[in-house]
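Asker: Okay, handing you the structure first.
The values are calculated or read from the model by the stated rules, or taken from the named source; none is laboratory data. This structure is a prediction, so every number in the text was calculated from the model and none was measured. With ideal geometry, Cβ positions are generated from the backbone for all residues, glycine too; neighbour counts draw on all protein chains shown. Heavy atoms of the whole protein, side chains included, go into the accessibility calculation; ligands, DNA and RNA do not. Shrake-Rupley method; radii C 1.70, N 1.55, O 1.52, S 1.80 Å.
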Amino acid sequence: MLTQNPLTPHAQDAPVSPLERLAPNKLILGLFLPMQEGAWSPSRAPRSTSWTFDYLAQCTRQAEDLGFDLAFGLAQWMGKGGYGGEMHFREHELDPIIVNTALAAMTKRIVLINTVHILYAWHPLHLAKFGAALDHISGGRWGVNVVTGYKPSEYRMFGLDMIEHDLRYDMADEFTTLLERLWAEDENLTFAGRWWKTENAFLAPRPGPRRPFLVNAASSGAGLAYAAKHSDLIFITSPGGAEPAKAYETLPPVNARIKDLAASLGRQVKTIINPHVICRPTEKEAQEAYRRILEHEDPVAADNFVQTFVGGDTKSWRGHSRAQWVIGGNVHLVGTPEQIVEGFVKLQAAGCDGVQVNFFDYLPDLAYFGEAVIPMMKQAGLRT
């Protein structure tokens, strides 16, 4: 945590990468918060998981107590009924930037990252000011997951036309360039870009000495070029789908390409992947929990959820089957604590710098993860 007095200016003469604020663990450990109703799994199997703030706060504080590095909040814009079905999958969601503002005052160490769809009528000056405030409130523990949006329905909610895929990343590049300048410069800024303009813009206080974390998810050429230029953490997906062995096989070239792109620009980035963890004392119990989620799928919600991703122009998640979508998450790690840690070791060996885990029944699953998995991660040298 930063030690500057929040009422005094931050020093800007020697800006430091925000990655240096993370503890030197071999594997970054993040929690994918269940911001949306149903979280990642369109299943009606019994569970306590909730989108309510009290539940999210419990998850975040428990993750911090267990030594997690990050807590991440997804953002979405859904119509009535969400993805439909009996469960109205993902209809309810608390806005993650508002949630993180509250969580910043309730936590001390964990980094809080939230998604912003920057092309939905945002101006960089808005995000620069909000982000600087969150940086001070959190003591330097805030970051933004920059998303351009890929759903035509979301664009229409804001009265906008859908934007072509690669053009979205050109716009994101200009947006983020202006955002970073607003965070870094101590004079009035006039900027005339292709998509955004500002005259004599000024930000005080500014964040620092480490600017906020910049994050994005990328798999396309345009997305990776943006990520290599701007992001600190890059969410990646397994080209081989959620089956672990295929993920271990297909991820090394993905990670190598991203890091080579960043290195060519003189930058260092870290990649992070999203495993769905189902951990039980025995493999039989874990597999039974896995089957229970599938057996209780909400078929309408599942169909609509899958179609949203495979029907658009996003390049991610193409290798995942319908059943893997019902479970949720990018790689499925199912088994005993020893097997889960073995999976983490193999993901790290495949070039992943971190895991952003999600669960089906968050609080009890997180508690068991802390009790049984994290000690073994330390024994394996993944965590200090």
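Asker: Would you confirm whether or not the stretch 70-81 contains a residue that is at negative phi, surrounded by fewer than 17 Cβ atoms within 10 Å (Cβ to Cβ), aromatic (Phe, Trp, Tyr) and assigned to a loop (DSSP other than H, G, I, E, B)?
Answerer: Within the stretch 70-81 (the criterion being at negative phi, surrounded by fewer than 17 Cβ atoms within 10 Å (Cβ to Cβ), aromatic (Phe, Trp, Tyr) and assigned to a loop (DSSP other than H, G, I, E, B)), the answer is yes, since at least one residue qualifies.
Asker: Could you list all residues from the stretch 82-98 that are among the hydrophobic types (A, V, I, L, M, F, W, C) and crowded, with 23+ Cβ neighbours inside 10 Å?
Answerer: Within the stretch 82-98, Phe89 is the sole residue that qualifies.
Asker: Let me ask something additional. Please work out if Arg156 is at pLDDT 95 or above, over 30 Å from Met78 (Cα atoms) and open to solvent by 10 Å² or more (accessible area, probe 1.4 Å). Give the steps one after another, and end with the answer.
Answerer: Numbers: at pLDDT 95 or above: yes; over 30 Å from Met78 (Cα atoms): no; open to solvent by 10 Å² or more (accessible area, probe 1.4 Å): yes.
When the stated conditions are applied, Arg156 does not pass them.
Asker: Also, I was wondering about something else. Evaluate the following for Val254: is it in a helix (DSSP H, G or I), open to solvent by less than 60 Å² (accessible area, probe 1.4 Å) and closer than 23 Å to Ser238 by Cβ?
Answerer: yes
Asker: Exactly one condition in (1) open to solvent by less than 70 Å² (accessible area, probe 1.4 Å); (2) touching a helix residue (DSSP H, G or I) at 6+ places or on another chain (Cβ under 9 Å); (3) farther than 17 Å from His123 by Cα is not met by Asp161; state its number.
Answerer: (1)
A quick yes/no check of all residues on (1) in contact with an Asp or Glu (Cβ under 7 Å, 6 or more places away or on another chain); (2) under 21 Å from Ala39 (Cβ atoms); (3) not in a helix (DSSP H, G or I):
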residue	(1), (2), (3)
Phe89	yes, yes, yes
Arg109	yes, no, yes
Ala128	no, no, no
Asn145	no, yes, yes
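Asker: Arg21 versus (1) modelled with pLDDT under 95; (2) touching a Phe, Trp or Tyr at 6+ places or on another chain (Cβ under 9 Å); (3) open to solvent by 20 Å² or more (accessible area, probe 1.4 Å); (4) within 21 Å of Asn274 (Cβ to Cβ): which is the lone unmet condition?
Answerer: (4)
Asker: Taking the conditions exactly as written (crowded, with 21+ Cβ neighbours inside 10 Å and closer than 30 Å to Gly79 by Cα), does Pro299 satisfy them or not?
Answerer: No: the conditions fail for Pro299.
Asker: Suppose we filter Val341, Val373, Val355 for residues that are part of a helix (DSSP H, G or I), in contact with a Pro (Cβ under 7 Å, 6 or more places away or on another chain) and among the aliphatic types (A, V, I, L, M); which single one remains?
Answerer: Within the list Val341, Val373, Val355, the selection yields Val373.
Asker: Count, please, the residues in the stretch 27-69 that happen to be open to solvent by 10 Å² or more (accessible area, probe 1.4 Å) and assigned to a loop (DSSP other than H, G, I, E, B).
Answerer: 13
Asker: Related question: Counting just the residues of the stretch 103-132 that are among the aliphatic types (A, V, I, L, M) and open to solvent by 40 Å² or more (accessible area, probe 1.4 Å), which one comes out farthest from Glu64 (Cα to Cα)?
Answerer: Step by step, filter the stretch 103-132, then rank; the result is Ala121.
Asker: A further question follows. List the pairs whose first member sits in the stretch 296-308 and is of a type in the set (Asp, Glu), whose second member is surrounded by fewer than 17 Cβ atoms within 10 Å (Cβ to Cβ), and whose Cβ atoms are under 6 Å apart, counting only residues at least 6 apart or on separate chains?
Answerer: Asp298/Glu86
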